[in-house]
Structure formats: structure tokens, C-alpha cells
Amino acid sequence: MSKGPGLFSEIGKKAKDLLTRDYTSDQKFSVSTYSDAGVALTSTAVKKGGLSIGDVAAIYKFKNTVFDVKVDTDSNISTTVTVTEILPSTKTIASAKLPDYNSGKLEVQYFHDHAAFSTAVTVNQSPLLDVSATIGTPAIAFGAEAGYDTTSSNFTKYNAGISVTKPDSSASIILGDKGDSIRASYVQYLDQLKKIAAVGEITRRFSTNENTFTVGGSYAVDRLTLIKAKLNNHAKLGAVLQHEVVPKSLLTISGEIDTKALEKNPKFGLAIALKP
């Protein structure tokens, strides 16, 4: 693929990952194994409150095609097939979730040195169409996306954004929720090896005049251990400790607490991923 501006979904992704990725208050256990034929099998169990759910996923890559199949405890079967370079600089993604026969979706992505486009359509009697486009370079990109319901002839979404990326920082502004919200974020790496990162994000929702400001950061203690933390203006504090116990085996402990609550009710999650 080309080294262009990337898809619209990548605008603000660095800040989003730092503030949301690996934060969980659920108990999660995951084990992955790899066969000689190149099949990756992952079994996951999650406990949310008093409810326990699980799934088994298999991923197989053959030449330029990736097959991803997942079966969960509710007897749902999710399948995704990704094919690259059917046409030059393109990626095609077909997905479905059975037994919901109306969940089929087909997406085509096109990448250019100065632009990226994505078109997705649901394969059912009431198709939904999603289109996104970005123009620019890896350093600066402008993008927009829209969703259209062909049955009701209404737009389900339209958003726009801009991102500026430097070797040691990244900034983005996204106008979302059909113009009802605006989100600005900034990520700064504090050392050349990018072991220490600081992030700030502010979101304003115009319909409710509500502002949410979140700051956070991450620190790679060493090549095996990562610490992350975040705090917003609603006094909600979150933290993550992730350690590679053995090669490709991650132990993740995360928690969240509302520091304004009179009765402290902290929630902690434990996620273990074993990948031999």
C-alpha cells in the first residue's frame, strides 16, 4: 500500500488509543496458539458483572487473503475475508455475522500517495452506504465521512476532520455527530525512543453545552512493562499496567475510579493474553 494520508478513521487514532486502548473493568482471559499451517487460534473468556461470555477465533492468511472466523457462546458466527491488491492499491473486506443474514457488509478501500478512499455497503434489503475520503500527506491530512440510509433517504452521519503529524507529535480536530460535537486532541512524545507520551483531548457537545477534557500519558518502563493513566474533568481516573510475562504473553491490569463519589466504587479489570 502507498504511504499516503491514511483513511479517515486514522485521524485522531493515536490519541484515542492512548486514552481508551487496554482500559477495561472486566475480567478477561485470552489464549492464542499458532499451528504449523499458519492458523492462529484465540480463545477468549470475559466476565462482565455476573455474566460470562466467550468466543473462539481463527485467523488464516493465504497469499494476499486473510480469513477471520469467530464463534461465540451465543452461537453467533462472525466471518471476515480481507483481500489486498485485487486491483492495485486496494483492499477489499467482506464480513457477515450468522445467523443474522442481514449483517453482510462489503467494503473497498483505495490508497494513493496523496489520497485514500473507503466505500462500504451493507448487503441486505435496506442497504446502508458509508463513504469516507482523505487528502494530503502523512504529515497533514483533511478528511470527511458520511453515512446514507438508502431506504429512508437520510444521512445517518457526516463528520469531518484534520490531522497534523510530526515525528514527535500528532494533533487532530474532528467535527462529528452531524456537527453536534467537536473533538480536539494532541499527543506529544517526550523522548526520541517514544517511551514517554503525553496526551490531551477536549470534546464539546453543542446540544448540551457539555465539555469533557481528558489528559493522560504512557510510560514504557522497559521493553516488557508499560504504564498508562488518564484523568478527565469529571474526576474519573483510570490506570493500566501491562507486562509481558513471557514472550508474546501479556498480563494487563486496569482499573477506574470516580474520585468525586462519596462512596468510592473502584472497578478493576484483569486481562491475560497468552501467545506462545
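At a glance:
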{"quantity": "Matching entry among Val131, Val164 (being touching a residue at least 24 places away in the same chain (Cβ under 8 Å), open to solvent by 50 Å² or more (accessible area, probe 1.4 Å) and not acidic (Asp, Glu))", "calculated": "Val164"}
{"quantity": "Segment 178-194 - residue that is modelled with pLDDT under 95 and not aliphatic (A, V, I, L, M) and, of those, surrounded by the fewest Cβ atoms within 10 Å (Cβ to Cβ)", "calculated": "Gln192"}
{"quantity": "Residue list for segment 134-161, filter: of a type in the set (Val, Ile, Thr) and surrounded by fewer than 15 Cβ atoms within 10 Å (Cβ to Cβ)", "calculated": "Thr137, Ile140, Thr150, Thr151, Thr156"}
{"quantity": "Residue within segment 95-111 that is under 30 Å from Phe155 (Cα atoms), touching a residue at least 40 places away in the same chain (Cβ under 8 Å) and either open to solvent by 70 Å² or more (accessible area, probe 1.4 Å) or touching a Ser or Thr at 6+ places or on another chain (Cβ under 8 Å) (or both) present", "calculated": "yes"}
{"quantity": "Test: residue in segment 206-217 that is open to solvent by less than 80 Å² (accessible area, probe 1.4 Å), within 26 Å of Gln242 (Cβ to Cβ) and part of a loop (DSSP other than H, G, I, E, B)", "calculated": "no"}
{"quantity": "Segment 32-69, subset open to solvent by 50 Å² or more (accessible area, probe 1.4 Å) and in contact (Cβ under 8 Å) with a residue 40 or more places away in the chain, residue farthest from Thr252 (Cα to Cα)", "calculated": "Tyr34"}
{"quantity": "Test: residue in segment 120-127 that is touching a helix residue (DSSP H, G or I) at 6+ places or on another chain (Cβ under 8 Å) and among the hydrophobic types (A, V, I, L, M, F, W, C)", "calculated": "no"}
{"quantity": "Thr24 vs. criteria among the β-branched types (Val, Ile, Thr) and under 18 Å from the mean Cα position of the chain (by Cα)", "calculated": "yes"}
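Here is a yes/no grid of residues against (1) part of a strand (DSSP E or B); (2) closer than 20 Å to Phe213 by Cα; (3) of a type in the set (S, T, N, Q); (4) without any contact (Cβ under 8 Å) to a residue 40 or more places away in the chain:
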residue: Ala120; (1), (2), (3), (4): yes, no, no, yes
residue: Ile174; (1), (2), (3), (4): yes, yes, no, no
residue: Tyr186; (1), (2), (3), (4): yes, yes, no, no
residue: Leu193; (1), (2), (3), (4): no, no, no, yes
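The values are calculated or read from the model by the stated rules, or taken from the named source; none is laboratory data. Quantities reported herein were computed from a predicted structural model and do not represent experimental measurements. Note: ideal-geometry Cβ built from the backbone for every residue, glycine included; neighbour counts use all protein chains shown. Accessible surface areas use protein heavy atoms only, side chains included; no ligands, DNA or RNA. Shrake-Rupley method; radii C 1.70, N 1.55, O 1.52, S 1.80 Å.
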